[in-house]
1. Between Gln34 and Asn93, what is the spin-label point distance in nm, taking each point 7 Å from the Cα along the Cα→C-beta axis?
2. Percent relative contact order of region 25-105, based on C-alpha pairs within less than 8 angstrom and at least six residues apart?
3. Angle, helix 27-39 long axis vs. longest principal axis of the chain, Cα atoms, 0 to 90°, nearest 10?
4. On a 0 to 90 degree scale, rounded to 10, what angle separates helix 58-72 from the longest Cα axis of the chain?
5. If you take every DSSP beta bridge fully contained in the chain, what fraction is antiparallel? Give it as a percent rounded to 5.
6. Modelling each spin label as a point 7 Å along the Cα-to-Cβ direction, I'd like the Arg6/Asn131 distance in nm, to one decimal.
7. Could you give the dipole magnitude of region 1-127 about its Cα centre, charging the beta-carbon of Lys and Arg +1 and that of Asp and Glu -1, in debye to the nearest 20?
8. Which one, Thr119, Leu41, Gly54, is farthest towards the positive end of the dipole of the chain when Lys and Arg carry +1 and Asp and Glu -1 on their Cβ?
Amino acid sequence: MILSERSGTVVFRLGKGNKQRSTPVPLPGRRALQAYLDTRLPVDSPLVFIGERGPLTDRGVRALCDKYSALIGVKLHPHLLRHTMAHQFLADNANDLVGLAQILGHENLNTTARYTKKTSDQLAEASEKLNY
């Protein structure tokens, strides 16, 4: 991970399919990560998220999602966070499928294209904007 005020990149060494990729981190994310790193106990590990019993695992992330799901009454899971980011990226970046595919680590744009599908609420909202 490389973080600075002007730019930042996170390297995913074991992503889906055991593929490695680098992903840019926006300024709010860089600031949040730096604040976390500044308060985290010193550890001898290249991994970022360290819990009481060592590096945070997939299972640990799921347990955190379950914990906060119960607290807020909304079902959370890691893939929901990924989907939410993907939809927001497209909305904020003029449906840039190529950029999103790179960030998500997709090799095929057809895989990324599923994020362009609109919900019925989104379609209804768009149809209300029609002017005849």
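1. Going from the Gln34 label point to the Asn93 one covers 2.2 nm.
2. Result for region 25-105 is 12 percent.
3. Between helix and principal axis, roughly 20 degrees.
4. Taking Cα atoms only, the helix is inclined about 60 degrees.
5. 100
6. It is 4.3 nm.
7. With Lys and Arg at +1 and Asp and Glu at -1, about 320 debye.
8. Gly54
The values are calculated or read from the model by the stated rules, or taken from the named source; none is laboratory data. The shown structure was predicted, so the numbers you read here are calculated from the model rather than taken from an experiment. Note that each Cβ is placed from the backbone with ideal geometry, even for glycine, and that neighbours are counted across all protein chains shown. Ligands, DNA and RNA are stripped out before the accessible areas are found, and what is left, the full protein with its side chains, is counted by its heavy atoms. Shrake-Rupley method; radii C 1.70, N 1.55, O 1.52, S 1.80 Å.
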